[in-house]
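Take a look at the structure below.
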Amino acid sequence: MNILDDLRLQYKTGGMTQKLIFWNIGFFLLSLVFFYSFSSGIFSFPSWIALSSSITTFIFNPWTLITFNFFHVGFLHLVFNLMVLHFSGRLFSTYFTDKQLIGVYVLGGIFSGITFVLTYFVFGKSSLLLGASGAIMAILIATATYAPFMLLRMPLIGIVKLWHVAFVILLIDLIQFPLANTGGHLAHLGGAFFGFIYIKLLQKGTDITKPFSALLDAFANLFKPKKKMPFKKVHRNTTKNNVNSFQKEKDITQRQIDEILDKISKSGYDSLTKVEKEFLFKAGK
């Protein structure tokens, strides 16, 4: 199995956190091709991708409330955000579904963008915003609000509670707020606030990601090929033994798939052996 097949299998079986990581990496590679100046060593993003604090620019490019959450201004910016996304996304998935995860990511990012635009408009400042930090903060704070006493083993530190981690990250944002990247820190706090509100509403019985999930399903169904009704074939000569043998083989294969997927959920995709990866790839086909 080559590298592309391996990546394709990871994308297919890794869950929504893995898909979000792939999407962010993919958009970063695209931005290197189209928006990076190798002579000056900086990115130059157009106004139809980056979120502008200018109300006029924003009104003509409202979709930037979503696009800015998938582009980054540098490699280190991308790597740090993806590390936190991997950490917080896996914790979030312990309690919630993939649809809720993508819902909180996108809606949290939108809320963080609105926070940035409105605040900068009030103070009369002009700037651009890029990065998934606000969306990721929404996921992290939502998880910390739902399970604040969840125990985590941190390298070089030991066992801590999840709310401790969330508190330290929020504190860092508050300390850096007046120093640099004020707009970015405003977006982080906006995303964090959305994550907190999301859980509080969910605990009262209102899941505000449901309409978004329904919209995603409707959009995905537009691109699904319609299945043609196949002609029914009647096999009169199939013996009972053949049927039993086929069912037995099918049960064994399904059992192997379940064991491998269970191993992925416990230890991650990288814990699979080469034979298990190849078996899962063939079964997926």
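By count of other Cβ within 10 Å, fewest leading, how are Trp63, Trp163 ordered?
Trp63, Trp163
Mind sorting Tyr120, Tyr105 by how few other Cβ atoms lie within 10 Å of their own Cβ, fewest first?
Listed from fewest to most nearby Cβ atoms, that is Tyr120, Tyr105.
Which peptide among 71-82, 133-144, 4-15 comes first, and what is the full order, when sorted by highest mean count of other Cβ atoms within 10 Å?
133-144, 71-82, 4-15
By how many nm would the segment from Phe149 to Leu29 grow when fully extended, if each residue of separation counts as 0.36 nm and the alpha-carbon distance is taken off?
That pair, Phe149 and Leu29, stretches by 39.4 nm at full extension.
Each value in this text was obtained by applying a stated rule to the coordinates, not by laboratory testing. Everything numeric in this text was worked out from a predicted model, so none of it was measured. Because the Cβ atoms are built from the backbone with ideal geometry, glycine has one as well, and the counts that use them run over all protein chains shown.
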